[in-house]
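See below for the structure under consideration.
The values are calculated or read from the model by the stated rules, or taken from the named source; none is laboratory data. Note that the structure is predicted; figures quoted are calculated from it, not measured. For neighbour counting, all protein chains shown are included, and Cβ atoms are generated from backbone atoms with ideal geometry for every residue, glycine included.
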Amino acid sequence: MKLLTKSTLYIATLSLFLFFIMGVIFFQVLRNLSISDLNRELGDLKEVVEVYLDDFWGSQIGALPGIDSLSVRPAGNIVQTEDIFGDTLKYDVKNEQYRTYRYLQYISQKGEEYLLVRIYKSTTPTDKLVERVTLMITLMVILFLAGIFILNRFMFASLWKDFFDAIEKLKRFETTKEPVILGEQDIQEFDELKQVLEVMTRRLSNDYRELKEYTDHTTHELQTPLAVIKSKTELLIQSDKLGAEEMKLLEAINTSVHQLSRLNSTLTLITRIENRQFTEKEEIALEGLLERHLELLEEHIGLKRIVLKKHYQDGGKTLFMDQGLADLLVANLLKNAIVHNIEGGCIELETGPQSLVIRNDGPPLEFNQEELFTRFVRNTRRTGSFGLGLSLVKKVCEYYNFIIEYSFDSQKHTFIIQFPD
Amino acid sequence: MLFCFKSKGMQILIVEDEASLMESMVSYLGLEGFKCEQASDFRTGVGMLDRHDYLCMLIDLNLPDGDGLDLVKLARENKSESGIIIISARNAIEERVAGLEAGADDYLVKPFHLSELVARVHSVARRTHMDGGEVLRFGAIRVEPEEHTCFVDDKPVDLTRKELDLLLYFMANRNRVVTKEGIADYLWGEYGGDYGSYDFVYTHLKNMRRKLVDVGCPDYVRNIYGVGYKFSLD
């Protein structure tokens, strides 16, 4: 969730909650006020009615000012010592509808007679007032919220601008590896962030450059003496003066130098991947890639009489990655499937919309399955292997966020690579 | 002499700052009859670019006083038609592409086999100085590389692409001992080693020998104490 969305959501939730409570309280207070107002008015009217009843009781009842309706009848056996206030619905003949009224009921003694008097007062005007006031307050709340939203948005954009700038620059750091330099900050927190980022990226940039130089130098410095040893050995082998014993010694030197130079170049490659020195990306058709490497490995597959089973999905999967790393990934997986296969075994290749499955026959691992992708872990029987192939595969997968899984079931090794969208 | 480059001499220019490696290359190429001009730095290399009409130039990229890549560009700007092979410790694809784009014909990563260097020199020289249709002979064997055909006393031999490449490799390194690692690296590149065994080399070699012997060709391949093989008439 975005920062703006989240903060807006918090503000909206809190203000709606507060305004709801405030609204309820306000409505209650207003109602109570208007009711006590009506009660007081009815009390005043009671005196007018008393005077009126004294003078006119028994004669025709005329209209009294301020009273909406009045009913007077013999109290019978109703006993009531105090005034009673209440609400009721009465049919209004003029408007042909029921209306709410507030009334005051009391017993009035006129000579021997006890009269039950009810004075009615319409509540419609006060209800209308409460309604209007509530409406206005609701309107104010909406306006207030809209104002807060707009203010929040503008404030957000201007306050956090530097922060978003910093994020953009940090994203670019991934490719350029140049220290992130931010402009002047007038907000203290961002100024601190700026300083931390500058120091951090400058150090990262330095480390990266030094590591790169180190890798470059090591490769060069190691390759050259290796090249010398290799070439001298080769020249020495040409000599006619050497016997079988000397030749055997030379053979051992030759093999070791060969292994050493392979080890050096593979370790260099791993370092280069870890340093994220592969930034070129291109579209690569997975099936085409597999076929090309299978062709290169034709002899190796044929020599072990390995049977190939291919299940390619229709349409074909396209990868977006560095060509060299794609080659490395597929080459090492296929090589692994061939080298650890049995005579006359089988290799199954399966491509799906988001996955590649490579399955091969072979004896179970001699070591813990968790160590499979670790450097220098290998079957002890095999010589001339460094156990770096699958470590390279893992590195390439990590580089592109591919998920690689290994399982062993009924004498078959299965590697599944899942490609993210 | 296996190849006869009539229009050219057999001169090769080597620009390499590592004296010991330079010495090895000069010795091995000398065995093949090539005459090597040596430059140990960029400045000397520039001065020697025009001295001869070289058959091939071997240029190291990391020179103490300059970038070998500029030397390649300079040679091409001077309209040099010599074959150029870059020899470098740098193995990144971008470096290879940059090298070939600058005008080099081939790119060889250190450390390399001298036998592979010679095979590549022959191959580049053929590409740059022959107009195709050339014929290579060794004893009873006749190979037309452009046509991918091989004959023994005018009888065609049906060799696969890899077997023919192997034969050409032997012919370029005739009378020398070549190691199985060298063969593997030359024929399979990065697929060569790392398999723990060189069975596939033996298989190819066996097939090639059998096909040649079957049509009456003497077996020119000799096993040298398990170190490697020698391709020779005697």
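What are the residues in region B:18-52 that are within 11 Å of chain A (Cβ to nearest Cβ), polar (S, T, N, Q) and under 15 Å from residue B:87 (Cβ atoms), if any?
Scanning region B:18-52 gives B:20, B:24.
Residues of region A:63-107 being small (Gly, Ala, Ser) and surrounded by 11 or more Cβ atoms within 10 Å (Cβ to Cβ), which ones?
A:66, A:69, A:71, A:75
For region B:126-139, state whether one or more residues are among the charged types (D, E, K, R), in a loop (DSSP other than H, G, I, E, B), modelled with pLDDT under 85 and surrounded by 15 or more Cβ atoms within 10 Å (Cβ to Cβ).
yes
Being over 24 Å from residue A:305 (Cα atoms) and part of a loop (DSSP other than H, G, I, E, B) is the filter here, so list the residues in region A:344-365 that pass it.
A:352, A:353, A:354
Taking the condition within 8 Å of chain B (Cβ to nearest Cβ), surrounded by 13 or more Cβ atoms within 10 Å (Cβ to Cβ) and of a type in the set (Val, Ile, Thr), does residue A:233 pass?
No; evaluated as a whole, the condition is false for this residue.
Go over the candidates A:150, A:137 one by one and state the one that is free of Cβ contacts under 8 Å to residues at least 12 places away in the same chain and in a helix (DSSP H, G or I).
Being free of Cβ contacts under 8 Å to residues at least 12 places away in the same chain and in a helix (DSSP H, G or I) holds for just one of A:150, A:137, which is A:150.
State all residues of region A:42-67 that are at pLDDT below 80, farther than 15 Å from residue A:114 by Cα and among the charged types (D, E, K, R); if no residue qualifies, say none.
Correct list: A:55 only.
When you go through A:87, A:55 one by one, which is the residue that is of a type in the set (Asp, Glu), without any contact (Cβ under 8 Å) to a residue 60 or more places away in the chain and in contact with a Phe, Trp or Tyr (Cβ under 9 Å, 6 or more places away or on another chain)?
A:87
So for region A:2-13 (the condition being assigned to a loop (DSSP other than H, G, I, E, B) and either free of Cβ contacts under 8 Å to residues at least 40 places away in the same chain or exposed (fewer than 14 other Cβ atoms within 10 Å of the Cβ) (or both)), does at least one residue qualify?
Looking through region A:2-13, at least one residue is assigned to a loop (DSSP other than H, G, I, E, B) and either free of Cβ contacts under 8 Å to residues at least 40 places away in the same chain or exposed (fewer than 14 other Cβ atoms within 10 Å of the Cβ) (or both).
Given (1) exposed (fewer than 15 other Cβ atoms within 10 Å of the Cβ); (2) under 46 Å from the mean Cα position of the chain (by Cα); (3) among the polar types (S, T, N, Q), identify the lone condition not met by residue A:265.
The number of the failed condition is (1).
Can you work out which of the residues in region B:63-90 that are closer than 29 Å to residue A:212 by Cβ and under 18 Å from the mean Cα position of the chain (by Cα) is farthest from the other protein chains (Cβ to nearest Cβ)?
Among them, the one singled out is B:84.
Hand me the list of strands (runs of 3 or more DSSP E) wholly inside region B:155-234 holding 1 or more residues that are more than 9 Å from chain A (Cβ to nearest Cβ) and either more than 18 Å from residue B:32 (Cα to Cα) or without any contact (Cβ under 8 Å) to a residue 12 or more places away in the chain (or both).
In region B:155-234, the matching strands (runs of 3 or more DSSP E) lie at B:155-157, B:221-224.
For residue B:146, which of the numbered conditions (1) surrounded by 19 or more Cβ atoms within 10 Å (Cβ to Cβ); (2) over 24 Å from residue A:259 (Cα atoms) fails to hold?
Result: residue B:146 passes all but (1).
May I ask you to list the residues in region B:138-154 that are touching a residue at least 60 places away in the same chain (Cβ under 8 Å) and charged (D, E, K, R)?
B:153
Filter region A:192-225 down to residues that are within 14 Å of chain B (Cβ to nearest Cβ) and of a type in the set (Val, Ile, Thr) and give me whichever is surrounded by the most Cβ atoms within 10 Å (Cβ to Cβ).
A:219
If you check residue A:246 against the conditions, is it more than 42 Å from the chain's Cα centre (by Cα) and either at pLDDT 80 or above or within 12 Å of another protein chain (Cβ to nearest Cβ) (or both)?
yes
Being under 25 Å from residue B:29 (Cα atoms) and in contact (Cβ under 8 Å) with a residue 40 or more places away in the chain is the filter here; which residues of region A:211-254 pass it?
Scanning region A:211-254 gives A:222, A:223.
Would you tally the residues in region A:191-212 being at pLDDT below 85 and closer than 20 Å to residue A:171 by Cα?
Residues meeting the conditions: 2.
Restricting to region A:161-186, count the residues that are surrounded by 14 or more Cβ atoms within 10 Å (Cβ to Cβ), among the aliphatic types (A, V, I, L, M) and outside any helix (DSSP H, G or I).
Count: 2.
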